[in-house]
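Data first, discussion second: the structure below is written as structure tokens.
Every number here is computed from the coordinates shown, using simple stated rules; none is lab data. As the structure is a prediction and not an experimental result, all values here were calculated from the model. Neighbour counts run over all protein chains shown; Cβ positions are idealised from the backbone, glycine included.
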Amino acid sequence: MKQVVSDLPDDRYRERRVFVRVDFNVPISNGQIREDYRLRRTVPTIEYLSQRGAKVVLASHLGKPKGSVVPALSLKPVADRLREILKVPAVKFVGAVVGESVRQAVNAMKSGEVLLLENLRFESGEEANDPVFATQLASLAEIYVNDAFGTIHRAHASTYGAAQLFSKRLAGLLVSKEMEVLSQVRDHPAGPFRVVVGGIKIKDKLSALKALLPKADTVLLGGGIAYTFLAAEGVATGDSPVEQEFMPWAKEMLTQYRGKILLPEDHVIARSVEERDGLQNVHRAIPAGFKGLDIGRDASLTFAHEVLRGTGTVFWNGPLGTFEVDEFADGTVDIARAMALAHWRGAFTVIGGGDTVAALRKAEVLETEVSHVSTGGGASLKFIGGEALPGITVLSET
Ligand code: ADP
Ligand code: MG
């Protein structure tokens, strides 16, 4: 078991500097934060440490500045918002990640205060996991905490290299909750266990599918990835995305798990997402020149019916169509609503994936209508697939 911030006695934090890797990668335009869900999710860990007298040094990335200073990607607006929402003695901001100004700001911190560093990715050493940069980060504090699940699969300086240099390396409350829920889904799902997977690249879903197929009662496949399976079954898929390299594997899975894999029986097709001409619902075969862009009306009913079957567990990753375009959003919206209904009927429902969470919003399903919304897209699938995640591997064992 990995150590969590709540495992240490309260007095271990008094007057101690604690480095907390957070995920403050929020949408900002014209210096305004559009949506601050990720900030709210870190409040428990930050206030837990502050209330115990720690000096909390926060570090995050924002966007992709690729190692240079991009003013539009400054974390200053985040510091301003944190000042409004956190119940702590002070929230300070320093416009650098490492160096003399940071050292001075850290030295001036008082018990319970919070200091946010500038965007980690302004420094090329962050993504390169540069040892000198990692040492500079690690010199800022005495205890290390990771509460950034979205980047926990990366071996960057703030998630891996710097973490290794601390003697205490703890999971934050959010990361701890993610590990608890996702390991329950992976290792001990209450049955019946249904899995819904959509999205576009089989490679991203492979380890999770391999881990979940033996355990699930039903696996519903939709979205772009379904066409590789349909093609493997010999169904005509027209110009839909088919990943040749995964055809043999898909065929093997269909043989091994014949009874549990459910593929869409019909499709919403068009010549392309942009042009939408020839838009129609077809059963089974997709004609040449057309792409399957959403599961069809019948498939949507069948999938929703499966999601709603009994209590147990439902895990969903990946939209079932190009939901960003209204004409192809119905299948995804129907499943999002079925997920919410399953939750209210007592099922344990878990959703992961950046686009899947966006689809939830489009369906007007609230986060509180899902038992757990994972904050990590790639990270949650890799965790479920049993892959070693550097940011977790590095944490101290209890
Ligand atoms: P997540 O971020 O939730 O893990 P993915 O990134 O795997 O999900 O997949 C999301 C993308 O898959 C969306 O941009 C969506 O438009 C696309 N998609 C879903 N179904 C199809 C399809 N039939 N054809 C092309 N793209 C699709
Ligand atoms: Mg995605």
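Mean residue ellipticity at 222 nm, helices only, the chain: -9500 deg cm²/dmol; runs of at least 4 DSSP H residues each add -39,500 (n - 2.57), and the sum is divided by the number of residues. Can you compute log10 of I(q)/I(0) for region 1-136 with the Debye formula, treating each Cα as one identical point scatterer, at q = 0.12, 0.14, 0.21 Å⁻¹? Listed by q, the Debye log ratios stand at -0.46, -0.64, -1.34. Need one word for region 66-145: rounded, prolate or oblate. Basis is the Cα gyration tensor (sqrt eigenvalues a ≥ b ≥ c); a/c below 1.5 gives rounded, then a/b vs b/c decides. Oblate, because a/c is 1.5 or more while a/b does not exceed b/c.
Residues considered: Glu15, Glu84, Glu123. Largest GNM mean-square fluctuation over the chain, using C-alpha springs under 10 Å, is found at Glu84. In terms of the mean number of neighbouring beta-carbon atoms within 10 Å, the peptides 280-287, 200-207, 353-360, 163-170 order highest first as 353-360, 163-170, 200-207, 280-287.
3J(HN,Hα) couplings calculated from phi for region 328-333 with the Karplus curve 6.51 cos²θ - 1.76 cosθ + 1.60 (θ = phi - 60°) are, in sequence order, 10, 9, 4, x, 5, 5 Hz; Gly and Pro show x. Our estimate of slack between Lys66 and Arg276, defined as 0.36 nm per intervening residue step minus the Cα-Cα distance, is 72.0 nm. Just checking the listed ones, Thr368, Thr218, Thr349: in the Gaussian network model of the chain with Cα springs under 10 Å, the one fluctuating most is Thr368. Taking the longest Cα principal axis of the chain as reference, the axis of helix 247-256 is set at about 80 degrees.
Would you mind counting up the charge near Gly296? Only other residues with Cβ under 10 Å from its Cβ, with Lys and Arg at +1 and Asp and Glu at -1. Don't skip to the end; give the middle numbers.
Values: positive: Arg284, Arg297; negative: Glu265, Asp266, Asp294, Asp298, Asp330.
Summing Lys/Arg as +1 and Asp/Glu as -1 gives -3.
The stretch between Arg103 and Glu35, if pulled fully straight at 0.36 nm per residue, gains 21.4 nm over its current Cα-Cα span. Dividing the mean sequence gap of close Cα pairs (under 8 Å, 6+ apart) by how many residues the chain holds gives a relative contact order of 16 percent.
Around Pro192, what is the net charge, scoring Lys/Arg as +1 and Asp/Glu as -1 over all other residues with Cβ under 10 Å from its Cβ? Residues near Pro192 contribute 0 overall.
For Ser240, the residues 5 or more places off, or on other chains, whose built amide H falls under 5 Å of its own are Gly292. Our analysis of the chain gives Rg over Rh at 1.02, with the two radii drawn from alpha carbon positions and Rh computed by the Kirkwood formula. Protection proxy ranking of 23-31, 171-179, by the mean of other Cβ atoms within 10 Å over each peptide's residues and highest first, is 171-179, 23-31. Here the dipole of the chain is about 1040 debye; that uses its Cα centre as origin and unit charges on the Cβ of Lys and Arg (positive) and Asp and Glu (negative).
Kirkwood radius for region 223-291, taken over all pairs of different Cα atoms as the inverse mean of 1/r, rounds to 12.4 Å. Look at the dipole of region 192-338 built from charges on Cβ: of Leu308, Thr218, Ile269, the Cα furthest out on the positive end belongs to Thr218.
In a reduced charge model with +1 at each Lys and Arg Cβ and -1 at each Asp and Glu Cβ, region 187-277 shows a dipole moment near 400 debye about its Cα centre. Annotation: amide H of Gly53 within the under-5 Å range of Gly112, sequence separation 5 or more or interchain, hydrogens built in the peptide plane.
Evaluate E = 1/(1 + (r/R0)^6) for Arg14 and Thr368, where r is the Cβ-Cβ distance and R0 equals 45 Å; express this FRET efficiency to the nearest 0.05.
0.80
If only the Cβ of Lys and Arg carry +1 and only the Cβ of Asp and Glu carry -1, the dipole of region 68-136 around its Cα centre is close to 380 debye.
Averaging 1/r over each pair of different alpha-carbon atoms in region 305-381 and inverting the result gives 12.2 Å, the Kirkwood hydrodynamic radius.
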